[in-house]
1. Once the piece of chain linking residue 236 and residue 309 is laid out straight, how much longer is it, given 0.36 nm per residue of separation minus the C-alpha distance between them?
2. Given R₀ = 35 Å, what would the calculated FRET efficiency be for residue 163 paired with residue 357, taking r from the Cβ atoms and rounding to 0.05?
3. Considering the stretch 102-144, what Rg and Dmax in Å follow from its alpha-carbon atoms?
4. Dimensions of the chain along principal axes (Cα, Å, largest first)?
5. Pulled fully out, how much extra length does the chain show between residue 320 and residue 204, if you take 0.36 nm times their separation in residues and subtract their Cα-Cα distance?
6. Looking at the stretch 213-344 from every direction and averaging, what is the projected area of its Cα convex hull in nm²?
7. Obtain the nm distance between the two label points defined at residue 176 and residue 150 by a simple spin-label model: each point lies 7 Å from its Cα along the Cα-to-C-beta direction.
8. Looking at the stretch 144-206, which GluC sites (Glu not before Pro) are DSSP coil and have at most 16 other C-beta atoms within 10 Å of their C-beta?
Amino acid sequence: MAEPRIGGDMTAAERVLDRADELASHSDLPDGIERVYLSPQHRAANDLAARWMREAGLVAWEDAAGNQCGRRAGAGDQLPAVLLGSHLDTVPGAGRYDGILGVLVAIEVAARLRDAELPFALEVVAFGDEEGTRFGTTLLGSRALAGTWQPEWGGLTDADGIRLADAATAFGLDPARFGDAARTPEELLAYLEVHIEQGPRLEDADRALGVVTAIAAAERRVITYTGESRHCATPWDLRHDALLGASEAILAIERVARAHGSYATVGRIHVEPDAVNVIPGVAAFSLDLRDETATGRDSTWERILHELEAIAVQRGLDLDVSSTHLAPEVVCAPELRAAFASGIAATNDRGSDEPMELFSVAGHDAMAVAAVAPVGMLFVRCRGGISHHADESVRADDVALAIDALEAAVLQLAAEYQPS
Ligand code: HGY
Ligand code: MN
Ligand code: MN
């Protein structure tokens with residue numbers, strides 16, 4: 001059985017950072033990074049990932065949902081696989097490492113283990129749509145792999161009115177066959193994802209790596225106030241201004257969520273008729289609400305809704321709420337947390353004898369894959385906890401430790417594995 005190579009392979013780490021830079025060049029923005037699902041930039045990223053997967057000794061293919069996949073050559077087809085990976089899509093104005101780091105570290109570990117004797121197959125996946133920014137519903141690639149794809153998602157449309165099914169056809173996929181991407185529990189032993197923390201806790205603790213205990217329960221909604229579009233000469237007492245209602249609601253959301261320890265973000269707002277001299281008749285905004293548990297999330301939402309309704313009554317507005325995404329908290333499998341803990345311990349990083357554990361407020365593909373396999377996540381320190389921003393930054397030595405820790409975790413699973 002191969003022994004993990006410890007000591008921080010800076011060459012591999014530098015290769016990861018160089019490849020992240022190359023992927024960053026495939027963007028839909030002239031002055032930043034944006035790569036959305038089923039776009040030409042997604043195609044370019046998949047082609048790069050496929051090339052690197054092949055160089056790592058993997059057989060590479062694109063699944064029916066546009067995820068780029070790779071499987072260690074020679075592994076008996078009937079062997080179940082340990083799946084490593086993350087996502088290649090980004091938010092607008094993204095950094096270079098959210099998702100991308102996990103895919104590239106996974107490819108490095110696959111390359112290291114190309115000749116190792118393992119009792120299971122080893123696969124790598126680069127998911128195509130973790131962020132959900134193009135079609136509004138998130139985790140589309142990983143939910144297809146997990147077998148939880150909903151056929152009606154083919155009718156989702158993007159900001160230009162393009163249907164997901166048509167974008168899939170243009171991408172070279174058959175929109176009627178997304179379900180073929182589904183893997184079964186018998187095929188997958190575990191899913192291990194390396195990801196930047198997207199928060200300051202590891203840096204505050206002067207740690208390079210941390211074991212994820214659970215991923216936040218999340219819900220996305222669209223909240224719409226409807227009043228009356230009127231001339232801006234309308235007297236105050238005759239106004240039913242939807243944007244003022246939304247503004248008061250957004251501040252109420254902040255107050256309630258902070259008071260209850262939940263995370264609430266309003267990232268988008270749409271106003272009609274969107275004219276400087278017309279009182280807005282419609283104001284629709286997004287709400288991303290998270291908490292450590294679904295119970296906590298729902299309790300905070302109940303309190304928020306009560307305030308939204310009071311604002312509607314007080315201002316003579318109609319209120320409509322629709323839910324566009326709902327995910328329970330996902331607890332990482334104990335045996336995978338232990339594998340990552342031993343992986344961190346093997347790096348001899350500062351304090352690695354007591355690996356730090358932390359809960360993820362950010363969502364990840366692991367939330368979807370948990371429907372079909374046990375999941376584990378390893379967080380990597382990122383400077384200032386900054387993410388979803390061009391200033392996202394990781395240290396090469398931390399990347400080297402992450403490669404070592406992921407390799408050691410896979411070898412730990414191999415040592416423990418008892419074929420059923
Ligand atoms: O929303 C999230 O937490 C993730 O970055 N998609
Ligand atoms: Mn993200
Ligand atoms: Mn991510």
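1. Extra length from residue 236 to residue 309 when fully extended: 24.2 nm.
2. Approximately 0.25, to the nearest 0.05.
3. 14.1, 42
4. 79, 47, 42
5. The residue 320-residue 204 span can extend by a further 37.6 nm.
6. For the Cα atoms of the stretch 213-344, the hull's average projected area reads 9.6 nm².
7. In this crude label model, residue 176 to residue 150 measures out at 2.2 nm.
8. Details: sites: 152, 186, 187, 193, 197, 203; in loops: 186, 187, 197.
Of the GluC sites (Glu not before Pro), the ones in loops of the stretch 144-206 whose Cβ has at most 16 other Cβ atoms within 10 Å are 186, 187.
Bear in mind that the values in this text are calculations on the coordinates, not laboratory data. A quick note: this is a predicted structure, and the numbers were derived from the prediction, not measured. Counting neighbours? That spans all protein chains shown, and the Cβs are built from the backbone with ideal geometry, glycine included.
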